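Single-structure report; data block below.
The values are calculated or read from the model by the stated rules, or taken from the named source; none is laboratory data. Only a predicted model underlies this, so the values are computations on that prediction, with no experimental measurement involved. Cβ: placed from backbone, ideal geometry, glycine included. Neighbour counts: every protein chain shown.
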Amino acid sequence: MIRWAIFAGLAVVATALFGKSAGGGQAVAGAVLSNGLLIAVFGLTMMFYRPAVYRSSRAVTLIAVAFAVILAIAAAVARNDPARPELIPIALAAVLFSVLFDTRVSLFASVILATLVGLQAPYHGSSTLFLLLIVGAASAFSVRVIRRRDQAYYSILVTAGAYALAELGIGLAAGTPAHAIWYAILVGGINSVVSVALALMLLPPLEEFTGIDTYLKLLEWSDLNRPLLRRLSVEAPGTFAHTMRIANLAEAACDAIGANGLLARVGAYYHDVGKIKKPEYFVENQPRGRNPHDKLKPATSAAIIRNHVREGVELAEEHGLPVGLQAFITEHHGTGRITYFLQKARERDGNGVDPADFEYPGPVPQTAETAICMLADGVEASAHVLHDATPQKIREVIDHIVRQRIEQGQLREAPLTLKQLEVVKEQFARVLIGMYHHRIDYPSATGGVTSEFASSAPA
């Protein structure tokens, strides 16, 4: 209801902005109805085809505000004589929507926004609708994902080119003088520069407002010199190395099934940061032969292991880690059991052990990326145990871990199909086989190292 109230308010705002030209009460009612129907089409499309965007009140609010700003500028432009639709910054909204949501949302929003402006009385019978449709579509397609700083220039050029072609077509069809066509093209080019630049300037605060993790934000958090990752590499080097291997597995698998590979990689970087608090209690950080768990009760050991999830969330919140990345911390173990210490507790105390004391808090993975991180975590740890990591054994380990997680119900809420899981397993095998490939012995006579290596250093 809140979302539809926002959409209804937008229809009223659109009518109010152009109120002076709407006429009497009957005309105003007709304008509200027309605007409302058009916005309702947009709302229904979001509800059915982009439910994640529709369910976010902040995303809907952002869209409504962007629409209102463009409509307000269009209303101001309409008061000029003559009106210059090339001043309407539809590219601002199109670029923002493409980066924050996706190209399809941006394209459809641009079409609705262009039609909404063209529907208003001051623009009836003009070329405004055509111009805004062309420019909005070009802007939406010009920037899908910003990966480099110089992509802004490409977006500006595409948007300016769309203005130029549209204005040229309109001018030639109407017999407009050449100087007037060139002036309109110049204004459109300036609008392109301002709109794209402003969109990129507004992107960081709007990312925070909507909670959307764009490619640029993920790249920022992938910097291994970030304080949290620096601490992980120094204070828990074994965990850091384990994290890097999981990141490679998760990214390759996500890319192969069309999921967000960068999100999976960066999420994997942070999934075990809670181990910073007590690194010596995790096997990958322990020197051979020294295990502090040997002096603890199984329940105490399980509590320490389980708490790395809670402590990871605390560190993530302290360092301002985005919510989308925090999900990897809470979901990479799901509600699985710490079976090693559960079994030790049963051997020690019999059947009086409560299994709930040996379970991770969850939730189970909610996205393809966190689910694949869970699988990569289990697969990498298990493959690392193999003494003779042949390709066949690696594939058997992968099959075992994936089957086990399915039987435990850990993937029940993740949007992964069986076909996708087969692709994921194949990618895991490809990467792991590359990690554990066999190298030839180098003759010791030449200073090389063989499988029977023994130090020649003096005792």
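Numbers at a glance
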{"read-out": "Some residue of segment 421-444 being assigned to a helix (DSSP H, G or I), modelled with pLDDT under 60 and more than 21 Å from Met374 (Cα to Cα)", "value": "yes"}
{"read-out": "Count of residues meeting criterion [under 16 Å from Ala247 (Cβ atoms), loosely packed, with under 13 Cβ neighbours inside 10 Å and of a type outside the set (Asp, Glu)] in segment 207-224", "value": "1"}
{"read-out": "Residue match in segment 224-231 (condition: in a helix (DSSP H, G or I), without any contact (Cβ under 8 Å) to a residue 24 or more places away in the chain and not assigned by TED's automatic domain parsing to the domain that holds Ile70)", "value": "yes"}
{"read-out": "In segment 284-303, the residues that are crowded, with 16+ Cβ neighbours inside 10 Å and closer than 19 Å to Phe240 by Cβ", "value": "Glu284, Asn285"}
{"read-out": "Candidates Ala345, Ala414, Ala389, filtered to the one that is surrounded by 13 or more Cβ atoms within 10 Å (Cβ to Cβ), in contact with a Pro (Cβ under 9 Å, 6 or more places away or on another chain) and more than 21 Å from Phe282 (Cβ to Cβ)", "value": "Ala414"}
{"read-out": "Condition broken by Thr176, with the remaining ones in (1) outside any helix (DSSP H, G or I); (2) in the same structural domain as Phe428 (by TED's automatic domain parsing) satisfied", "value": "(2)"}
{"read-out": "Test for Tyr215: is it closer than 19 Å to Ala91 by Cα and among the aromatic types (Phe, Trp, Tyr)", "value": "no"}
{"read-out": "Test: residue in segment 353-365 that is more than 23 Å from Asn307 (Cα to Cα) and at pLDDT 95 or above", "value": "no"}
{"read-out": "Checklist (1) within 23 Å of Val424 (Cα to Cα); (2) within 15 Å of the chain's Cα centre (by Cα) applied to Lys217, failing item", "value": "(1)"}
{"read-out": "Conditions (1) within 30 Å of Ile329 (Cα to Cα); (2) more than 21 Å from the chain's Cα centre (by Cα); number of the one not met by Ala197", "value": "(1)"}
{"read-out": "Residue count for segment 350-383, restricted to those that are assigned to a helix (DSSP H, G or I) and either in contact (Cβ under 8 Å) with a residue 12 or more places away in the chain or at positive phi (or both)", "value": "20"}
{"read-out": "Residues within segment 1-36 that are closer than 24 Å to Arg104 by Cα, surrounded by 12 or more Cβ atoms within 10 Å (Cβ to Cβ) and aliphatic (A, V, I, L, M), tallied", "value": "5"}
{"read-out": "Subset of segment 186-206 that is free of Cβ contacts under 8 Å to residues at least 60 places away in the same chain and surrounded by 13 or more Cβ atoms within 10 Å (Cβ to Cβ) - its residue that is farthest from Ala259 (Cα to Cα)", "value": "Leu186"}
{"read-out": "Residue in segment 377-390 that is more than 30 Å from Pro415 (Cα to Cα) and charged (D, E, K, R) present", "value": "yes"}
{"read-out": "Single match in Ile170, Ile181 (criterion: in a helix (DSSP H, G or I), in contact with an Asp or Glu (Cβ under 8 Å, 6 or more places away or on another chain) and assigned by TED's automatic domain parsing to the domain that holds Leu92)", "value": "Ile181"}
{"read-out": "Odd one out for Ser195, checked against (1) under 21 Å from Ala140 (Cβ atoms); (2) not in a helix (DSSP H, G or I)", "value": "(2)"}
{"read-out": "Hits in segment 100-145 - residues which are under 17 Å from Glu86 (Cβ atoms), assigned to a helix (DSSP H, G or I) and not small (Gly, Ala, Ser)", "value": "Leu113, Val117, Pro122, Tyr123, Thr128, Leu129, Phe130, Leu131, Leu132, Leu133, Ile134, Val135"}
{"read-out": "Per-region count, segment 108-130, residues under 14 Å from Leu71 (Cβ atoms), under 33 Å from the mean Cα position of the chain (by Cα) and not aliphatic (A, V, I, L, M)", "value": "2"}
{"read-out": "Boolean, Phe130 is assigned by TED's automatic domain parsing to the domain that holds Ala184 and either surrounded by 18 or more Cβ atoms within 10 Å (Cβ to Cβ) or of a type in the set (Lys, Arg) (or both)", "value": "no"}
